[in-house]
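Visitor: Handing you this structure, nothing more for now.
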Amino acid sequence: MGPAPSLLAISDLHVRYAENRRLVEGLRPRSSGDWLLVAGDVGEYVADVAWALRLLSARFAKVVWTPGNHELWTPPDDPVCLRGQARYEHLVTLCRDLGVTTPEDPYPLWDGPGGPVTIAPLFLLYDYTFRPDGTFTKEAALARAYDVGVVCSDEFLLHPDPYPTRDAWCHARVRQTVTRLAAVADGPPTVLVNHYPLVRDPTRVLRHPEFALWCGTDLTADWHRRFHAAAAVYGHLHIPRTTVHDGVPFEEVSVGYPREWRPRGSQPGYRQILPPAQPTRSR
Ligand SMILES: [Fe+2]
Ligand SMILES: [Fe+2]
């Protein structure tokens, strides 16, 4: 008998970087029953995303993916020039061909150790509500960010078509997702997987506080309680750690760029979500 299966998570693989590609090539399950949650920012080019998800889906019993902002960019030199919703739908089709679960699929049930839990991959984006202190509108907040020179590349590369704005796309996604989550709220606890933190707290440690504008939405602040989360998995901040909010562990599982992880002295890998590796404590 092999080792018991685990629910594992990772994000921000950024496989454009050769060192990160090698790291992905080294990712192997410990048990043939392991599932891997991939919380966005696999890469910017469709071919890169396909390469990584194909490799991982061949190794893990199930791979669950949710997009990061980088997957939704339209790099000018990507042969796939789709924008916005059409680009997302293209990636969903690619995932389905590989057997990878997306936010558009029925939420899978993890029935292994630590379960049962409903795994809910979420695609929610952000709506500029994580505003810097003293700013009260999106416009004022963005003006502040431009003033200090902290502007996410999404402003130039993540097109919201056919929505007028990224925040309008976010609001549409939030509306659709609430309905989906409400339908499973009476079932087992959930593991909520989103590229962005569902609560603002984890963004308080950003070196540039203005960057929080591109990191989530206030609309999800109570979702971990409302939808009975056993854990919330996210990335995007490139600050891997665990924080606890209302007793729920929030796992930032990013790999990040080589220049970020190299100085830490050890190769980043996936994190075990279930069964819990250690008892949850408040901090
Ligand atoms: Fe990232
Ligand atoms: Fe990101």
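Visitor: Find the residue count for region 186-242, including only residues that are farther than 19 Å from SER153 by Cα, out of contact with any Ser or Thr (no Cβ under 6 Å at 6 or more places or on another chain) and among the hydroxyl-bearing types (Ser, Thr, Tyr).
Guide: Qualifying residue count, region 186-242: 3.
Visitor: Would you mind listing the helices (runs of 4 or more DSSP H) fully within region 122-220 where at least 2 residues are farther than 25 Å from VAL42 by Cα and without any contact (Cβ under 8 Å) to a residue 24 or more places away in the chain?
Guide: In region 122-220, the matching helices (runs of 4 or more DSSP H) lie at 138-148, 166-182.
Visitor: Further question: If MET1 passes every condition in (1) more than 16 Å from ligand 2 (Cβ to nearest atom); (2) of a type in the set (A, V, I, L, M); (3) at pLDDT 95 or above but one, which one does it miss?
Guide: Among (1) more than 16 Å from ligand 2 (Cβ to nearest atom); (2) of a type in the set (A, V, I, L, M); (3) at pLDDT 95 or above, the lone unmet condition for MET1 is (3).
Visitor: Among the residues that make up region 35-47, is at least one of them over 30 Å from VAL151 (Cβ atoms) and away from ligand 1 (no atom under 16 Å from the Cβ)?
Guide: yes
Visitor: Looking at this structure, is TYR107 under 20 Å from ARG173 (Cβ atoms), among the aromatic types (Phe, Trp, Tyr), touching a Ser or Thr at 6+ places or on another chain (Cβ under 6 Å) and within 16 Å of ligand 1 (Cβ to nearest atom)?
Guide: For TYR107, the condition - under 20 Å from ARG173 (Cβ atoms), among the aromatic types (Phe, Trp, Tyr), touching a Ser or Thr at 6+ places or on another chain (Cβ under 6 Å) and within 16 Å of ligand 1 (Cβ to nearest atom) - is not met.
Visitor: Output the qualifying pairs, or none if there are none: Cβ atoms under 8 angstrom, residues six or more apart or on different chains, first residue in region 61-73 and in contact (Cβ under 8 Å) with a residue 60 or more places away in the chain and within 15 Å of GLY216 (Cβ to Cβ), second residue within 13 Å of ligand 1 (Cβ to nearest atom) and among the small types (Gly, Ala, Ser).
Guide: If the second residue must be within 13 Å of ligand 1 (Cβ to nearest atom) and among the small types (Gly, Ala, Ser), the pairs left are THR66/ALA39; THR66/GLY40; PRO67/GLY40; GLY68/SER11; GLY68/ALA39; GLY68/GLY40; GLY68/GLY235; ASN69/GLY40.
Visitor: Now, a different point. What is the residue count in region 40-60 for residues that are within 10 Å of ligand 2 (Cβ to nearest atom) and without any contact (Cβ under 8 Å) to a residue 40 or more places away in the chain?
Guide: So the answer is 0.
Visitor: Looking at the structure I just gave you, is TYR270 farther than 21 Å from VAL174 by Cα and of a type in the set (Phe, Trp, Tyr)?
Guide: When the stated conditions are applied, TYR270 passes them.
Visitor: Quick one: count up the residues across region 224-235 that are within 16 Å of ligand 1 (Cβ to nearest atom) and assigned to a strand (DSSP E or B).
Guide: Qualifying residue count for the region: 2.
Visitor: Scan region 61-87 residue by residue and report those that are more than 17 Å from ARG166 (Cα to Cα), within 16 Å of ligand 1 (Cβ to nearest atom) and either part of a helix (DSSP H, G or I) or among the charged types (D, E, K, R) (or both).
Guide: none
Here's the yes/no breakdown for (1) under 16 Å from the mean Cα position of the chain (by Cα); (2) within 16 Å of ligand 2 (Cβ to nearest atom); (3) outside any helix (DSSP H, G or I); (4) among the small types (Gly, Ala, Ser):
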| residue | (1), (2), (3), (4) |
| --- | --- |
| LEU237 | yes, yes, yes, no |
| VAL244 | no, no, yes, no |
| PRO249 | yes, no, yes, no |
| GLU260 | no, yes, no, no |
| PRO276 | no, no, yes, no |
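Visitor: THR102 - would you say it is without any contact (Cβ under 8 Å) to a residue 40 or more places away in the chain and among the polar types (S, T, N, Q)?
Guide: Judged against the criteria, THR102 is a match.
Visitor: Within the group ALA18, ALA58, ALA50, which residue is under 17 Å from ARG96 (Cβ atoms), more than 19 Å from the chain's Cα centre (by Cα) and either within 14 Å of ligand 1 (Cβ to nearest atom) or not aromatic (Phe, Trp, Tyr) (or both)?
Guide: ALA58
Visitor: Cβ-Cβ below 9 Å, separation at least six or inter-chain, first residue in region 10-27 and over 14 Å from SER254 (Cβ atoms) and at pLDDT 95 or above, second among the charged types (D, E, K, R) and within 13 Å of ligand 2 (Cβ to nearest atom): which pairs?
Guide: Correct list of pairs: ARG16/GLU44.
Visitor: Looking at ARG87, ARG96, ARG22, can you tell me which residue is surrounded by fewer than 24 Cβ atoms within 10 Å (Cβ to Cβ), within 23 Å of ALA172 (Cβ to Cβ), away from ligand 2 (no atom under 16 Å from the Cβ) and of a type in the set (D, E, K, R)?
Guide: When all the criteria are applied, what remains is ARG96.
The values are calculated or read from the model by the stated rules, or taken from the named source; none is laboratory data. For clarity, every value in this text was computed on a predicted model and none was experimentally measured. Please note: Cβ atoms are built from the backbone with ideal geometry, for glycine as well, and neighbour counts cover all protein chains shown.
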